[in-house]
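For reference, the structure discussed in these notes is given below.
Derivation of every value follows stated rules applied to the coordinates shown; laboratory data play no part. These numbers come from a predicted model, not from an experiment. With ideal geometry, Cβ positions are generated from the backbone for all residues, glycine too; neighbour counts draw on all protein chains shown.
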Amino acid sequence: MLLSTLQTPRSLSRLSLTRHSHSYNSRASLTDQTPTLTTSPPPHSEILSTRQTLLSRRASAVDLALSRLARLRLAEPRLRAFLHLPDDDALLAQARRLDARIAAGDDPGPLAGVLVGVKDNICTKDMPSTGGSRVLAGYRPPFDATAVKRLRELGGIVVGKTNMDEFGMGSTTEASAFQVTANPWDESRVPGGSSGGSAAAVSARQCVVSLGSDTGGSVRQPASFCGVVGLKPTYGRVSRFGLMAYASSLDTIGCFGSSVADAGILLHAIAGHDRFDATSSKQDVPDFQSHFVSLSCLESKPLKGLRVGLIRETIDKGVDAGVISAIRAAAMHFEELGCSVNEVSLPSFSLGLPAYYILAVSESSSNLSRYDGIRYGNQVYADELDSLYGGSRAEGFGSEVKMRILMGTYALSAGYYDAYYKRAQQVRTIIRNSFKEALSQNDILISPAAPSVAYKIGEKKNDPLAMYAGDIMTVNVNLAGLPALVLPCGFVEDGPAGLPVGLQMIGAAFNEVLTLPIHCTGLLVDGALYITGSFVFFTSLLVLKDIK
């Protein structure tokens, strides 16, 4: 058994701001053999560490790729985070090209040698992109999504396509047409969704960072369940070109990383205006990395003067006691770091969930109409056109997708449009205004990322209303189009080593530059310095420790 005597993260003692955390770091050997683990401190940023390793010639891009691939393949049979993996030769060919550029003295790019997982609803021209649906089984797009194209241009290597709920409609990956991903903290539990594969892959160190999509919390809730950093940018910050549409006014490509620094660097790489997406913003993209502050430069109260609003409605009935306790502890620690923390009431908060599900399913009923077996999607043989449409969709779509299409079509139908869709849009405006007012009096707002920790696989599969209720913490942010970042803030006593709780931090539109450095300047919660990546190390061990 591999490191079966591991101490869990709950045993970490509270750290002082004046010193760095020294925790174990998992690092695979630079061969294609079974990964080994060392006790060197984990890097502040795996992206920066990878780049420095390559430029200093301590290891080649091929060596690093082999190292990560060995870990990926060791964990994958049990984790099932990936739907598609590239041919090893093709991936290593990319690494060799990077090594050649470095040998020639060229700049390999800020993401040089970084292995990136990409959610399966984001198009990649060299791998299948199915959206987790059988209707697109085997589909290979002729182009890369803009986000994928940009990260590749900057030296990133796509290591595979990650599992997801079909077309993003789900919170567990159980709605995937192909497989269910396990949570690295407890294999009997869900990793969250719909970007569950992307979150689990980063948590288990199968890749350095990953891309997901967030329509109603699909980056932030899995980040909370899997104990990693999840970043949902402002709507329009990242191009949606190449992202399979679920609800176009809500969809956002987001980032997963083992540290806030990595999430910020990845966002900077993929953000910016794109002529192929009319909704992408022309606002300048700040260099998030330049705003990060070294721990050694911090004062005893580094966040003095920051106004933090704790959303009262998110720590009320329906939220697990352990989650509330962790969030309140995080709020107290904000005060220790110099912040002023006040409870903020958003009376419209509870209206977000029903409004979101009306708007999202309405847009999906329109967007998914293209999968008819003729324009897109696998085709079922039929003698008549209507039978071809019906048969292709009946066999291609899963039950969750069919249900949401039906609900959306109903909400948009004559006689019901004003009662449902129009009213939901009016509620959306109310929610947007309430956030605007709250953020005029506070620099950031905080809340849990989910009302509970990760639950058992199958526990809520037959109770869709209970599963939908789990989105209450996140959907309002999408309706308002705001940026939000989630990182671990504590544990609930459950599972083999406790289960992580995620803290959500919400900023004003296009103000990611504020929320990111807040975390990187040394947020200490529940005894762990999360920017070191120790969460990811412990998570990876939980996946690997029983593999012989």
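Here the simple spin-label model places points 7 Å from the Cα toward Cβ, and for Ser300 and Glu459 these points are separated by 4.2 nm.
Peptide packing: for 151-160, 47-56, 376-385, the average count of neighbouring Cβ atoms within 10 Å per residue gives the ranking 151-160, 47-56, 376-385, highest mean first. For Gly398, the shell of other residues with beta-carbons less than 15 Å away shows a net charge of -1, using +1 for Lys and Arg and -1 for Asp and Glu. Look at the dipole of segment 60-162 built from charges on Cβ: of Gly155, Ala104, Phe143, the Cα furthest out on the positive end belongs to Phe143. Count Lys and Arg as plus one, Asp and Glu as minus one, and take only other residues whose Cβ is under 12 Å from that of Gln425; the net charge is then +2. Just add up the charged neighbours of Ala438: K/R +1, D/E -1, any other residue whose Cβ is under 15 Å from the Cβ of Ala438. So the surrounding residues net to 0. Dipole size of segment 118-265 about its Cα centre, with +1 on Lys/Arg Cβ and -1 on Asp/Glu Cβ: approximately 360 debye, rounded to the nearest 20. Straight-line reach from Lys125: which aspartates and glutamates have a Cα under 15 Å away, not including same-chain ones fewer than 8 places off? Partners within reach: Asp87, Asp144, Glu153.
If only the Cβ of Lys and Arg carry +1 and only the Cβ of Asp and Glu carry -1, the dipole of segment 368-476 around its Cα centre is close to 320 debye.
Its relative contact order, with pairs defined as Cα atoms under 8 Å and 6+ residues apart, puts segment 239-357 at 22 percent. Largest first, the three principal axis extents of the alpha carbons in segment 118-258 are 37, 30, 29 Å in whole numbers.
A protection proxy built from the mean count of other Cβ atoms within 10 Å ranks the segments 105-111, 225-231, 237-243, 195-201, most packed first, as 195-201, 225-231, 237-243, 105-111.
What you get for segment 415-457, charging only the Cβ of Lys and Arg (+1) and of Asp and Glu (-1), is a dipole of about 180 debye around the Cα centre.
Within a straight-line Cα-Cα reach of under 20 Å, Lys317 can be paired with the following lysines, leaving aside sequence neighbours fewer than 8 residues apart in one chain: Lys460. From largest to smallest, the equivalent ellipsoid semi-axes obtained for segment 169-319 from the alpha-carbon gyration tensor read 25, 22, 17 Å. Once the Cα-Cα distance is subtracted from the 0.36 nm per residue extended length, the Asp418 to Lys317 segment shows a gain of 33.2 nm. For segment 296-383, the calculated P(r) over all alpha carbon pairs, in 10 Å bins from 0 to the bin holding the longest distance, is 13, 24, 20, 16, 15, 9, 3, 0 percent.
In terms of distances greater than 22 angstrom between alpha carbons, the cross-link table entries Lys149/Lys436; Lys402/Lys456; Lys402/Lys461; Lys119/Lys232 yield Lys149/Lys436; Lys402/Lys456.
Convex hull volume of the C-alpha atoms in segment 100-159, normalised per residue: 80 Å³. Highest-first packing order for the peptide set 63-75, 121-133 is 121-133, 63-75, based on the mean count of other beta carbon atoms within 10 Å.
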